[in-house]
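Following: one structure in structure tokens, then a few remarks.
The values are calculated or read from the model by the stated rules, or taken from the named source; none is laboratory data. Owing to the predicted nature of the structure, the values given are computational and were not obtained by experimental measurement. All Cβ positions, glycine included, derive from the backbone under ideal geometry; neighbour counts span all protein chains shown.
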Amino acid sequence: MSKSYSYLFSGTRGSVTHDKSVIKSVSHGKLKSWAKHKMETLKGKAKSSFNTACIVYDETTGKCYYGRNGGYNAEGYEKNPILFGDDTHEGILPKNSLNKFPVGNCAEVDAINNALNDGAQLKNLHITTINATKKKFGTYKPSCENCKHTFKGKVKENYSGWVED
């Protein structure tokens, strides 16, 4: 079972916001706080390899879902069939990596997997991704080739942008 970190935006209970500037600003702040906390709780290799964090906001529910690079390796991670496929359908992630990282390794995949496992739909999701390294902490990080292939045109918005071709 995947661990879902879902939290409502402050002040959205009963009225979900669709204001992109508010979503971007609040998401960025919440993500930086979550990433700092996550850095303090991770141990060993998971801590030393933590370099990317992502928050996904579902505009229909006001819920936020968090993810980190390598999160798919976490104990109890439930791979959503929309992303990873199942016995009868292929997932939307590429079969082979389009870069040097394993397919599914990204913070975006971790966060979106949590959202999908909670019943969210891709078309309602807003993504914000940041660097979680000491030197670049909190700066926006564009989604990689694998995520661009998987999510561009399928999610509502990506405030961090897509890697350039």
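Below, the figures for the structure above:
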| quantity | calculated |
| --- | --- |
| Residues located in the stretch 110-129, provided they are touching a residue at least 24 places away in the same chain (Cβ under 8 Å) and surrounded by fewer than 24 Cβ atoms within 10 Å (Cβ to Cβ) | Leu116, Asn117, Asp118, Ala120, Gln121, Leu122, Lys123, Asn124, His126 |
| Cβ-Cβ under 6 Å pairs, at least 6 apart or on other chains, the stretch 21-32 side over 12 Å from His126 (Cα atoms) and at pLDDT 80 or above, far side not hydrophobic (A, V, I, L, M, F, W, C) and not in a helix (DSSP H, G or I) | Leu31/Thr128; Lys32/Gly138 |
| Those residues of the stretch 132-165 which are in contact with a strand residue (DSSP E or B) (Cβ under 6 Å, 6 or more places away or on another chain), among the hydroxyl-bearing types (Ser, Thr, Tyr) and assigned to a loop (DSSP other than H, G, I, E, B), in sequence order | Thr139, Tyr159, Ser160 |
| Qualifying residue in the stretch 59-72 (condition: surrounded by fewer than 24 Cβ atoms within 10 Å (Cβ to Cβ), at pLDDT below 95, under 18 Å from Gly153 (Cβ atoms) and touching a strand residue (DSSP E or B) at 6+ places or on another chain (Cβ under 9 Å)) | yes |
| Those residues of the stretch 19-58 which are surrounded by 13 or more Cβ atoms within 10 Å (Cβ to Cβ) and among the polar types (S, T, N, Q), in sequence order | Ser25, Ser27, Ser49, Asn51, Thr52 |
